[in-house]
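Since the structure comes first, as structure tokens, the remarks are kept for the end.
Quick note: the coordinates plus some simple rules give every number you see, no bench work behind them. Predicted model only: the values in this text are computed from it and were never measured. Cβ: placed from backbone, ideal geometry, glycine included. Neighbour counts: every protein chain shown.
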Amino acid sequence: MNGLRRAALVFGVVAVLLIADGIYLVATHKNPNGDTGTLFGNQHYFLSSGTIVLISGLLVLVAAVVMWLVDVRREDKEREERKRRPAEDPPASEQPGPSGRTATRA
């Protein structure tokens, strides 16, 4: 598993945790610190803390899905390139050494 897919999994787990916390905050009408946030500075439209956490979780989830799709697409491209290119054999003058590395005879 390469780095991008691993990062997508981490982002996915964080997104699920954020969404679960947001659902809890919305369902219980809990508003920590008694504060509400405004959306884009609009003083007439207030968002509860649960709604803000839900929006954040969804944005992180979108980022995780995009990372996953980019990684899958990149792996598909690499697989297609390997199918098109024939396997290259090592030159006959190189012999594998005791450690498995190839070395030329001196």
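Quick notes on this one:
- Between region 14-29 and region 63-85, the Cα center-to-center distance that results, in Å: 33
- A crude spin-label estimate for the pair R82 and I23, with each label 7 Å from Cα along the Cβ direction, gives 3.8 nm.
- Ordering S49, S56 by the number of other Cβ atoms within 10 Å of each residue's own Cβ, fewest first, gives S56, S49.
- Computing FRET efficiency as 1/(1 + (r/R0)^6) for R5 and K30, where r is the C-beta to C-beta distance and R0 is 41 Å, gives about 0.70.
- Order of T28, T51 - criterion: other Cβ atoms within 10 Å of each residue's Cβ, fewest first: T28, T51
- Note, ³J(HN,Hα) from phi for region 57-64, Karplus 6.51, -1.76, 1.60, rounded to Hz, x at Gly and Pro: x, 5, 5, 5, 5, 4, 4, 5
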